1. What does the charge count around V45 come to, taking other residues whose C-beta lies under 12 Å from its C-beta (Lys +1, Arg +1, Asp -1, Glu -1)?
2. I'd like the trypsin sites (Lys or Arg not before Pro) in segment 5-74 restricted to DSSP loop residues with at most 11 other Cβ atoms within 10 Å, sorted by number.
3. Using the Cβ atoms and a cut-off under 14 Å, what net charge is assigned to the surroundings of E58, where Lys and Arg are +1 and Asp and Glu are -1?
4. In which sequence would F26, F60 go, from the one with the fewest C-beta neighbours within 10 Å to the one with the most?
Amino acid sequence: MGYDGWGDGDWTDAAACQGMDVEAFFATTMRTSAVALTICHGCPVRAECKQYAEKNREAFGIWGGLTARQRGWP
């Protein structure tokens with residue numbers, strides 16, 4: 001299943017993960033997490049993604065180049 005954003009004109013249209021398999025961002029292995037973090041590193045909307053995760057209390061996955069633990073989740 002690929003990620004295609006949430007609507008026309010929002011920040012997700014410019015996301016580096018646009019059209020990618022979302023499973024990479026909800027990885028169960030360090031190797032897969034490393035791939036997702038590499039993609040996030042060069043993303044032009046990384047800050048917006050992090051803000052989205054914080055606002056919506058996303059407790060799982062990589063958002064804005066940060067793991068759930070880095071965002072304060074156990």
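1. On the way: positive: R46, K50; negative: D10, D13, E48.
It works out to a net charge of -1.
2. R57, R69
3. On the way: positive: K50, K55, R57, R69, R71; negative: E48, E54.
It works out to a net charge of +3.
4. The most exposed by this proxy come first: F60, F26.
Only the coordinates and a few stated rules stand behind these numbers; no lab work does. As the structure is a prediction and not an experimental result, all values here were calculated from the model. Reconstructed Cβ throughout: ideal geometry from the backbone, glycine too, with neighbour counts over all protein chains shown.
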